[in-house]
Amino acid sequence: MSVIALAGNQNSGKTTLYNKLTGSNQHVGNFPGVTIEKKEGQLKKYKDISIVDLPGIYSLSPYTMEEVVTRDFLLKDKPDLILNIVDATNIERNLYLTLQLMELSIPMVIALNMMDEVTASGNSIDVQRLSSHLGIPVVPISASKGEGIPELIDVVIRSIKENSSPKKHDFCIGEVHKAIHSISHLIYDQAEAAGYPPRFAATKLVEGDGPTFKSLKITENQMHIIEHVVKDMEEALKTDREAALADMRYCYIEKICSEAVVKKQETKEQQRSEKIDEVLTHKYFGIPIFLGIMFFIFWMTFNVIGAPLQEVLEEGIALFTEATSNAMIAFDVSDWIYSLVIDGIYAGVGSVLSFLPLIVILFFFLSLLEDSGYMARVAFLMDKLLRKIGLSGRSFVPMLIGFGCSVPAIMATRTLASERDRKMTIILTPFMSCSAKLPIYGMITVAFFPDNAATVMIGLYILGIAVAVLSGLLLKNTIFKGEPVPFVMELPAYRIPTRRSVLIHMWEKAKDFIQRAFTVIFLGTIIIWFLQSFNWSFDMVEDSSNSILAFLGSLVSPIFIPLGFNDWRASTALITGLTAKEAVVSTLSVLTGVVTDVELSEVLFTVFTPLSAFAFLTFTLLYMPCIAAFAATKRELNSMKYAILTALFQTATAYVVGAIVYQIGSLFLGG
Amino acid sequence: MTLDSIKPGQGGVISSIGGQGLLRRRLLDMGLTPNTRVRVRKVAPMGDPIELSLRSYVLTIRKDEAAKIELKEVFDI
């Protein structure tokens with residue numbers, strides 16, 4: 001079994017190439033211990049060759065998780081070949097990573113992507129010359145059009161067989177060269193012992209790379225020598241070590257490019273992008289256009305396409321449920337099995353599955369935004385707003401989607417470039433009031449605030465945002481303390497998304513969601529069903545007010561005294577709300593035993609006062625999201641422990657804010 | 001003169017990169033090295049970040065970060 005590592009910059013067409021090279025047989029997981037996605041697939045027609053898609057990175061520096069993960073993978077798993085994808089329209093910056101990868105002494109092939117765009121604009125790249133300069137095979141391709149892919153596969157197969165590492169790494173000149181060479185002799189044996197290619201280790205030591213010092217177990221004596229060598233180099237070059245190495249690499253790249261690249265003008269795509277940006281990131285129109293686009297996506301997803309599809313699916317599930325129900329009655333199965341299947345599994349998983357159309361459609365639009373290059377512009381437009389809470393503009397879109405549904409919003413954090421931002425966004429997004437909470441707001445406001453319904457609802461939305469901002473500040477200064485990942489982001493040229501990559505993206509999200517619907521969500525709904533349908537002697541109950549759930553509800557209800565309500569029906573409704581937030585409404589009406597809305601309003605007055613009703617709404621707004629969103633959180637954080645901590649944080653926040661609302665409110669209203 | 005103080009449409013040649021740690025390394029990695037020509041293309045609607053063009057690609061950085069980039073030559077394009 002041979003392993004190919006696919007490495008390259010972000011926006012270099014890496015995912016497109018990966019999809020072209022692999023068939024449907026993909027495995028998506030995470031790198032150990034982090035939320036960074038690891039995709040593995042088979043090279044088409046070659047069952048014994050697998051391809052690992054590494055995170056899109058610009059450098060092998062030790063600072064970001066993505067870079068560390070890539071480095072560790074390349075150093076420890078030792079793939080048989082590195083397939084380095086290079087964007088030909090942006091060759092200088094792409095080759096910067098190439099030079100670093102070449103130091104790893106692993107056989108390498110360069111896929112020179114977007115060559116079609118280079119030639120179409122009258123520019124040219126001398127592939128032969130580039131290849132002989134770097135000492136590794138270079139294959140021109142167009143990943144999106146599929147051009148050059150068979151040739152690329154041939155070269156890759158041949159290189160794996162030959163197994164020859166890049167021989168050339170004397171792209172260093174003068175003082176840096178001197179420093180790297182003397183250190184390379186000094187640490188040669190330790191590097192070999194630690195499994196580091198000596199040349200790579202020496203470069204990293206000159207650069208002052210912490211992890212390498214540790215891995216090689218550099219002695220104090222060696223440390224002195226290294227620092228001395230570096231100091232000489234710094235003095236001779238009149239710059240520091242990091243700048244010296246970056247400068248050296250770029251100087252070498254400029255030299256190669258001056259010989260191999262003829263660039264008469266910017267590519268057509270780059271020129272077109274500049275024109276599109278004149279409108280889309282316009283000083284006055286940029287933000288309104290963005291809001292317009294998001295409104296359109298929401299409207300299409302939740303109204304035009306999503307809602308009818310959701311209805312169709314719900315009807316389908318209902319028909320299926322009925323058929324099963326009839327069959328079970330015909331076979332005369334016991335009551336509890338009937339209830340488990342119909343009230344538990346079908347009702348629970350069915351209600352969650354009906355979200356599927358929304359998720360697929362939303363991700364259709366999101367992958368258009370992402371693949372076209374517009375998402376980077378959104379980050380550019382919105383960065384200033386999110387900076388204060390320690391996030392960057394990139395988190396804006398997931399948070400906005402949170403107003404529709406937390407599940408796709410949490411799933412959408414996958415595209416965030418930094419792990420820290422991703423975690424923080426996952427924690428804060430559920431504070432954005434999702435659409436499933438609207439029926440609860442509706443029920444309570446009709447009963448208690450009929451004259452101020454709109455004000456109360458808008459107030460809740462604003463409260464959610466305010467809590468997110470405050471929590472963001474809190475997290476930024478506590479657990480997410482330290483240097484945030486800097487906002488230094490490429491704005492890639494706009495490109496037309498390929499149908500294949502959009503479809504694959506939608507399919508992946510759908511598969512992900514269905515898998516969760518039948519695992520975590522399945523389990524969760526069965527537990528709630530069990531608690532709701534049985535009493536302590538494990539007999540089925542007719543009236544759910546005798547159930548274990550009701551007992552638990554009454555057990556926890558005193559906890560809510562600071563929030564102004566102490567009623568087992570309210571606390572039970574909050575528990576069932578974990579399956580889906582709408583369930584709060586149905587539970588309240590079932591437990592209060594009322595049928596009409598008018599009756600419900602009357603009964604609610606026995607449960608709440610207007611103020612405690614508002615505290616109840618506040619709690620509903622902020623407490624842990626439904627089990628589908630919880631499952632998404634677990635999946636994206638790649639840890640049950642952190643998912644539970646996140647849920648606890650959200651619930652604690654809800655409790656504190658709810659109590660503050662009630663207590664301060666009582667001061668003014670006298671209870 | 002630092003990169004944050006020039007107007008859209010103006011460009012310059014980098015003389016040095018200040019700052020430290022991750023941020024500085026990221027700037028260097030992205031090709032903002034001494035003697036590189038860089039052009040300011042745009043300022044975001046809310047006044048920050050800014051959009052740069054260098055090494056035939058487009059990069060966006062915040063003004064705080066641009067303030068750490070020292071220019072030795074400034075020109076209009």
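The values are calculated or read from the model by the stated rules, or taken from the named source; none is laboratory data. The shown structure was predicted, so the numbers you read here are calculated from the model rather than taken from an experiment. Ideal geometry is used to build each Cβ from the backbone, glycine not excepted, and the neighbour counts take in all protein chains shown.
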* Failed condition for A:L83, given (1) within 13 Å of chain B (Cβ to nearest Cβ); (2) of a type in the set (A, V, I, L, M); (3) buried (at least 22 other Cβ atoms within 10 Å of the Cβ) -> (1)
* Give the residues of the range A:374-398 that are over 12 Å from the mean Cα position of the chain (by Cα) and farther than 24 Å from B:K42 by Cβ, sorted by residue number. => A:I389, A:G390
* Selected residue (only one of B:V74, B:V40 is more than 11 Å from every other protein chain (Cβ to nearest Cβ), touching a residue at least 12 places away in the same chain (Cβ under 8 Å) and more than 11 Å from the chain's Cα centre (by Cα)) -> B:V74
* Structure fact -> Across (1) crowded, with 18+ Cβ neighbours inside 10 Å; (2) within 12 Å of chain A (Cβ to nearest Cβ); (3) at pLDDT below 95, B:E51 clears everything bar (3)
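Would you tally the residues in the range A:352-380 being of a type in the set (D, E, K, R) and within 14 Å of chain B (Cβ to nearest Cβ)?
Result for the range A:352-380: 1.
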* Asked: Between a first residue in the range A:187-200 that is in contact (Cβ under 8 Å) with a residue 12 or more places away in the chain and a second residue that is surrounded by fewer than 17 Cβ atoms within 10 Å (Cβ to Cβ), which pairs have beta carbons less than 6 Å apart while being 6 or more apart in sequence or on different chains?
  -> A:P197/A:S105; A:P198/A:Y188
* Structure fact -> Counted residues in the range A:56-73 being surrounded by fewer than 21 Cβ atoms within 10 Å (Cβ to Cβ), over 12 Å from A:V34 (Cα atoms) and either more than 14 Å from chain B (Cβ to nearest Cβ) or of a type in the set (A, V, I, L, M) (or both) come to 2
* Asked: Restricting attention to the range A:100-116, and to residues there that are assigned to a helix (DSSP H, G or I) and touching a strand residue (DSSP E or B) at 6+ places or on another chain (Cβ under 9 Å), which single residue is farthest from A:H181 (Cα to Cα)?
  -> A:D116
* Scan of the range A:557-586 for residues that are within 18 Å of A:S406 (Cα to Cα), touching a Phe, Trp or Tyr at 6+ places or on another chain (Cβ under 8 Å) and hydroxyl-bearing (S, T, Y), ordered by number -> none
* The lone exception for A:K264 - which of (1) closer than 30 Å to A:S121 by Cβ; (2) in contact (Cβ under 8 Å) with a residue 40 or more places away in the chain; (3) assigned to a helix (DSSP H, G or I); (4) more than 34 Å from the chain's Cα centre (by Cα) it fails -> (3)
* **Flag if A:E259 is of a type in the set (D, E), free of Cβ contacts under 8 Å to residues at least 12 places away in the same chain and exposed (fewer than 13 other Cβ atoms within 10 Å of the Cβ)** => no
* Residues located in the range B:54-66, provided they are facing chain A (nearest Cβ under 7 Å), within 12 Å of the chain's Cα centre (by Cα) and not in a loop (DSSP other than H, G, I, E, B) -> B:V58, B:L59, B:T60, B:I61, B:E65
* Given the structure, is A:V407 among the β-branched types (V, I, T), over 30 Å from A:V541 (Cα atoms) and more than 14 Å from chain B (Cβ to nearest Cβ)? -> yes
* Inspect the range A:381-389 for any residue being in contact with a Gly (Cβ under 7 Å, 6 or more places away or on another chain) and away from every other protein chain (no Cβ under 13 Å) and give the result as yes or no. => yes
* Structure fact -> Exactly one of B:M30, B:M46 is more than 18 Å from A:E490 (Cβ to Cβ) and at the interface with another protein chain (Cβ under 7 Å from one of its Cβ atoms), and that one is B:M46
* Asked: So B:I6 fits all but one of (1) modelled with pLDDT of 95 or more; (2) β-branched (V, I, T); (3) within 14 Å of B:D64 (Cα to Cα); what number is the exception?
  -> (1)
* Asked: How about the range A:327-338: which of its residues are within 21 Å of A:S533 (Cα to Cα) and not in a loop (DSSP other than H, G, I, E, B)?
  -> A:M328, A:I329, A:D335, A:W336, A:I337, A:Y338
